[in-house]
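The values are calculated or read from the model by the stated rules, or taken from the named source; none is laboratory data. This is a predicted model, so every value here is computed, not measured. Note: ideal-geometry Cβ built from the backbone for every residue, glycine included; neighbour counts use all protein chains shown. Remember, those area values only see protein heavy atoms, side chains included, never the ligands or the DNA or RNA. Shrake-Rupley method; radii C 1.70, N 1.55, O 1.52, S 1.80 Å.
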Amino acid sequence: MTTKTAFQYSHTIGFLANRYKGFLHPVDMVIDSQGLLYVLNRVGPEVGVRIPYKRITICTVDEEYLGEISTGGMGDGQMWWPSAMAFDSEDQLYVADEALNRVSIFSKEGEFLSQWGVAGAGPGQLDRPSGIAFDSGNNLLVTDSLNHRIQQFHRDGTFVGAWGEFGDGPGQFNMPWGIAVDPAGDVYVADWRNDRIQKLDSGGKFIAQWGSSGEEEGQFNRPAGVAVDEGGDIYVADWGNERVQVLNQQGEVLDILRGDSVDSTWAEDYFLANPDEGAARRAADLEPVVDPPWEKLRETSANVEKLFWGPTSVKLDGQGRVYVVDSCRHRLQIYRKS
């Protein structure tokens, strides 16, 4: 039985836009030491017209737009299939790229600094790096998805070690995606195709796991992102079930978020400037009734605009805010914990 923990919808940032005040298939976000938000726009099919729209958008939680970093491409400082981001202790921004099998590093102002990574299955090589997070020793942990393992690197890309192998047993993985580190240094991994969250210690030793395949409370369908708060509660972007679940360390479900979005300020400004589109939107049915079975969850999310549609990442800011990257709706939904 779910115990409600008083998460309240706060507001939305973003809407569909190729550039400037908007996002295009965002997949991750991070927060720097000053509280600025960096949102990673993966964009979608790699057709020529879309490539320039791959970017990192910088804004504030109050929806002030501050600029963009990078663009699509295969050159230095460019992105092809960007998947995840993390800040180090010096506010340098690290970006993982699944297609280019590398990690690019930028200053927080957007200056390209360096990159490292090579494709392969050997120690220190990468095959679809999907999630990144810094550990308690300021080393970068990478979910090396198609190699079914976690790899640890120094910030300059020097290989430190690797954990895991393909499988569904304790400490094994099947296409791991999101990753997070708690205040004690323990590591949480969204084990995507095993439909579970695993907890490991700082040396990669298995501690616990939560979840199984399904749509019931505490079950997952391709969990994509994971975050942990100071009290040890676990936040899971349950991608295939179109929701975010919050669990405690005993695996009890504390809350389930499905989405409550209203228009962002950016969207309102756009519709004021484009009144015909605004009028069409106001006339549309944004909450049609869709038959409820679990198999139609994606159809429901695709038609009911306030709901999450493809939540890929969940992040926390230490001030009680929960940020959900709502990828297919091109926005962030933000909640507060009382």
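Key figures
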quantity: Mean Cα-pair separation over length for the chain, i.e. relative contact order, pairs under 8 Å, 6 or more apart, %; calculated: 16
quantity: Residues in segment 220-253 reached by a label modelled at residue 319 [backbone nitrogen below 17 Å; 7 Å Cα→Cβ]; calculated: 230
quantity: Debye, to nearest 20: dipole size of segment 273-319, +1 on Lys, Arg Cβ, -1 on Asp, Glu Cβ; calculated: 160
quantity: Hydrodynamic radius by Kirkwood, which averages 1/r over all alpha carbon pairs of the chain, in angstrom; calculated: 20.0
quantity: Å³ per residue enclosed by the Cα convex hull of segment 79-206; calculated: 89
quantity: Of 108/315; 21/306; 199/306; 315/337, those spanning more than 24 Å from alpha-carbon to alpha-carbon; calculated: 199/306
quantity: GluC sites (Glu not before Pro) within segment 170-227, DSSP loop, no more than 14 other Cβ atoms inside 10 Å; calculated: 216, 217
quantity: For segment 159-246, alpha-carbon Rg relative to the globular expectation (2.2 N^0.38 Å, N residues); calculated: 1.01
quantity: Accessible area (Å², per residue) of the chain, counting only protein heavy atoms and a probe of 1.4 Å; calculated: 41
quantity: Equivalent-ellipsoid semi-axes of segment 208-338, from the Cα gyration tensor, Å, largest first; calculated: 29, 19, 10
quantity: Over segment 90-158, volume per residue of the alpha carbon convex hull, in Å³; calculated: 78
quantity: Segment 37-113, relative contact order in percent, only Cα pairs under 8 angstrom and at least six apart counted; calculated: 21
quantity: Expected 222 nm ellipticity per residue - DSSP helices of 4 or more, -39500 (n - 2.57), all of the chain, to 500; calculated: -2000 deg cm²/dmol
quantity: Residues with amide H under 5 Å from that of residue 308, placed H, sequence gap 5 or more; calculated: 259
quantity: Electrostatic dipole magnitude of segment 88-212 [Cβ: Lys, Arg +1; Asp, Glu -1; Cα centre; debye, to 20]; calculated: 300
quantity: Against the rule of thumb 2.2 N^0.38 Å, how large the Cα Rg of segment 26-82 comes out; calculated: 1.16
quantity: Cα-only Debye scattering, segment 164-206: base-10 log of I(q)/I(0) at q = 0.14, 0.16 Å⁻¹; calculated: -0.26, -0.34
quantity: Charged-residue dipole, Cβ positions (Lys, Arg, Asp, Glu), the chain about Cα centre, Debye nearest 20; calculated: 400
